[in-house]
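The values are calculated or read from the model by the stated rules, or taken from the named source; none is laboratory data. Quantities reported herein were computed from a predicted structural model and do not represent experimental measurements. Cβ: placed from backbone, ideal geometry, glycine included. Neighbour counts: every protein chain shown. These area figures cover heavy atoms from the full protein model, side chains too; ligands, DNA and RNA do not enter into them. Shrake-Rupley method; radii C 1.70, N 1.55, O 1.52, S 1.80 Å.
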Amino acid sequence: MKPRVVLGYDLPEEARNVLGEHFEVLGPFETEEDRIEAMRDAVGHLGGRISKELLQAAPSLRAISTPSAGYDHLDLEDITRRGIVVMNSSAPLAETTADLAFALILATARRVAELDALVRSGHWTGNEHREHNGVDVHGKVLGIIGLGHIGSGVARRGALGFDMRVLYYSPRHRPDVEASTGAKKVDLDELLITSDFVCITAPLGSETRGLIGRRELHIMKPTAIIVNIARGAIVVEDELAEALRTGVIRGAGLDVFVHEPLPPSSPFMSLPNTVLLPHIGSASDETRSQTAVYAAENLVQYLVFGAPRNVVNPAALEAHLGR
Ligand code: NAP
């Protein structure tokens, strides 16, 4: 009998086929009770949230693969303690998400959504006023917080496509990205003080939660634009909204929020200098499909071939291999 993998979301057929060669594939399930029941004999899980109850019901579980770069939806400490390996899927979605970061940079700088609404409303009366002006993107300073898969893609687009000077704040030096884009590693304050566009592409964790708040916003240029395609909680939302309302910075392009879907009461809703998207960083047909296949292959690599990749909790791997 094939070992069992349980799905937490509706996996595209091509990814299901990758799993089907090696595993009995069950799910997704209509109810959480059914998913928990199926987990009793599962060795792997792909996609969706994982509750404590689900972990407790799965004594044979060895691996969780997520078709996302972020894994802040998982209780990594608990999962690692149980010796379960978590694998993520950054590589296949980085370029598309970097595209979206640039879409937000351009849309916010040139007020695309706001002026589209103006045209549709019939209030376009002439071009003689400055009131439709935006700001240039090309030739400006682009500051990137977190120079990983997505951040490197944003750096390349900025330097090579828009002739931008790139600064980055990230734990490690990236000589490869520096060589291809001229990017310079700086501390956070220097990045915030100097950049015209600040793009957040770091993971959410204890060090980045609330990283950008009132103090950080106040040292930015009043003409600066902030773009967040990482996670909402990296920014203190109320303080960002206040900074946007009072002209401390010029604008914000946001794909991610602390509460998603964004509630109607959010202060961002009434701010015309924001562009708001429904967490669609990697949401293209091609990338969603490729990422699902990649996440399925993560499970095959580890559970079938014993060659784990993209492991975000190596401590669990060590514990597991040591058993
Ligand atoms: P990644 O390759 O792991 O890159 C993250 C980068 O951030 C790494 O270079 C990392 O440095 C750096 N970093 C870690 N801690 C930091 C800190 N305290 N301050 C500044 N930089 C820090 O991940 P990725 O694939 O680029 O994705 C980044 C994040 O984007 C994900 O975690 C996810 O939350 C988000 N995301 C959102 C969407 C969307 O739909 N909007 C799509 C994909 C991803 P080290 O390598 O040295 O640790």
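Considering the stretch 196-233 alone, what residues qualify as being in contact (Cβ under 8 Å) with a residue 40 or more places away in the chain, more than 14 Å from the ligand (Cβ to nearest atom) and open to solvent by less than 10 Å² (accessible area, probe 1.4 Å)?
Listed by number, the residues that qualify are Phe197, Ile225.
Give me the pairs, please: first residue somewhere in the stretch 115-134 and under 18 Å from Asn273 (Cβ atoms), second residue anywhere and open to solvent by 90 Å² or more (accessible area, probe 1.4 Å) and hydrophobic (A, V, I, L, M, F, W, C), beta-carbon distance under 8 Å, and either six or more positions apart or on two chains.
Pairs found: Leu118/Trp124.
Which residue is farthest from the ligand (Cβ to nearest atom), if the candidates are limited to the stretch 272-283 and must be within 16 Å of Ser89 (Cβ to Cβ) and open to solvent by less than 30 Å² (accessible area, probe 1.4 Å)?
My answer is Ser282.
Scan the stretch 166-195 for residues that are away from the ligand (no atom under 14 Å from the Cβ) and open to solvent by 70 Å² or more (accessible area, probe 1.4 Å) and jot them down.
Ala179, Lys184, Ile193
Taking the conditions exactly as written (assigned to a helix (DSSP H, G or I), open to solvent by less than 10 Å² (accessible area, probe 1.4 Å), out of contact with any Leu (no Cβ under 8 Å at 6 or more places or on another chain) and at pLDDT 95 or above), does Gly153 satisfy them or not? Steps first, please.
Values: assigned to a helix (DSSP H, G or I): yes; open to solvent by less than 10 Å² (accessible area, probe 1.4 Å): yes; out of contact with any Leu (no Cβ under 8 Å at 6 or more places or on another chain): yes; at pLDDT 95 or above: yes.
Judged against the criteria, Gly153 is a match.
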